[in-house]
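The values are calculated or read from the model by the stated rules, or taken from the named source; none is laboratory data. What you see is a predicted model; the values in this text were computed from it and never measured. Because the Cβ atoms are built from the backbone with ideal geometry, glycine has one as well, and the counts that use them run over all protein chains shown. All accessible areas refer to the heavy atoms of the entire protein, side chains included, with ligands and DNA or RNA removed. Shrake-Rupley method; radii C 1.70, N 1.55, O 1.52, S 1.80 Å.
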Amino acid sequence: MRAIFFCLNFVAVFHGLTRAADGINGFDTVQSLTVDKIHCLKRNGYSAFIARVYVSSGNFDQVGMQNIKTANAAGLLFVDAYLFPCVDTSCPSGAQQVKSVINEMAAQRLGITRIWLDIEKYQWSGNMQSNQAFIRDMVHQAQNMSMDVGIYTSYSNWQAIVGLDWNEFRILPLWYADYDGHADFSGFRPFGGWDQAEIHQFQANFNGPCGVRMDLDWFP
């Protein structure tokens with residue numbers, strides 16, 4: 001297997017950040033970013049960024065991959081990626097999608113700590129067992145390639161796609177969406193075996209500073 005270049009020092013940085021008493025302000029966006037914009041966001045208190053690297057049509061998100069390079073070049077402290085899988089019957093398997101993304105990130109020498117699997121309602125089948133198998137394949141492929149992996153979802157999305165009681169990956173980090181406007185975990189409802197989360201996406205489509213439209217994410 002081709003050697004994978006990921007900046008593991010970000011792991012240590014991330015664990016240091018999560019111990020901050022007042023939390024960490026993060027964001028995700030599909031907008032193209034420049035070094036100047038990221039410097040501006042840093043001055044406005046943002047320290048973490050999660051970039052989309054794969055879209056539901058079954059293609060790499062090259063804008064997101066460039067954003068990772070830009071964020072690292074600008075010295076943003078915590079940079080991750082998320083994969084929005086293609087789940088139509090004509091798409092590659094979940095495992096193949098993860099494999100291709102990780103290989104592409106390696107080829108581009110992208111420095112991230114973790115890849116998040118975006119599990120939200122979009123063209124998933126009505127068969128929960130089939131959906132569970134698809135997610136299982138994605139997770140196992142990432143783990144087999146020594147990539148740290150987490151789940152992005154929400155209570156309602158998980159309920160609709162795989163069922164609230166499916167808890168096979170409860171040990172994975174959870175990034176959950178609940179647009180309650182609170183940068184905390186006060187409104188978290190356990191599901192999928194998770195009784196706590198790692199990141200809360202608490203506001204969507206926010207007109208942020210520096211001309212960046214973003215979703216707002218909070219890290220404890």
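Key figures for this structure:
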| read-out | value |
| --- | --- |
| Every residue from the range 34-48 that is open to solvent by 70 Å² or more (accessible area, probe 1.4 Å) and either outside any helix (DSSP H, G or I) or closer than 16 Å to Asp80 by Cβ (or both) | Asn44 |
| Selected residue (criterion: nearest to the chain's Cα centre (by Cα)) from residues of the range 110-130 that are closer than 15 Å to Phe84 by Cβ and surrounded by 15 or more Cβ atoms within 10 Å (Cβ to Cβ) | Trp116 |
| Filter result (closer than 25 Å to Phe191 by Cα and surrounded by fewer than 23 Cβ atoms within 10 Å (Cβ to Cβ)) within the range 95-104 | Ala95 |
| Set Ala107, Ala73: member being in contact (Cβ under 8 Å) with a residue 40 or more places away in the chain and either at positive phi or surrounded by fewer than 17 Cβ atoms within 10 Å (Cβ to Cβ) (or both) | Ala107 |
| Matching residues, the range 176-215, being closer than 19 Å to Ser32 by Cβ and not small (Gly, Ala, Ser) | Asn205, Phe206, Asn207, Pro209, Cys210, Val212, Arg213, Met214, Asp215 |
| Complete set of residues in the range 76-91 that are in contact with a helix residue (DSSP H, G or I) (Cβ under 8 Å, 6 or more places away or on another chain), within 21 Å of Ser57 (Cα to Cα) and crowded, with 17+ Cβ neighbours inside 10 Å | Ala81, Leu83, Pro85, Cys86, Val87 |
| Evaluation of Cys210 against (1) on the phi > 0 side of the Ramachandran plot; (2) open to solvent by less than 20 Å² (accessible area, probe 1.4 Å) (one fails), failing number | (2) |
| Pairs, first part of a helix (DSSP H, G or I) in the range 140-162, second open to solvent by 20 Å² or more (accessible area, probe 1.4 Å), C-beta under 6 Å, six or more apart | Gln141/Ala95; Gln141/Lys99; Tyr155/Arg189; Asn157/Glu120; Asn157/Lys121; Ala160/Lys121; Ile161/Trp124 |
| Test for Asn167: is it part of a strand (DSSP E or B), open to solvent by 40 Å² or more (accessible area, probe 1.4 Å) and either over 26 Å from Gln66 (Cβ atoms) or touching a Lys or Arg at 6+ places or on another chain (Cβ under 8 Å) (or both) | no |
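Every residue, every condition in (1) closer than 17 Å to Arg52 by Cα; (2) assigned to a loop (DSSP other than H, G, I, E, B); (3) open to solvent by 60 Å² or more (accessible area, probe 1.4 Å), yes or no:
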position: Ser186; (1), (2), (3): no, yes, yes
position: Arg189; (1), (2), (3): no, yes, yes
position: Gln196; (1), (2), (3): no, yes, yes
position: Ala204; (1), (2), (3): yes, no, no
position: Asp215; (1), (2), (3): yes, no, no
position: Trp218; (1), (2), (3): no, no, no
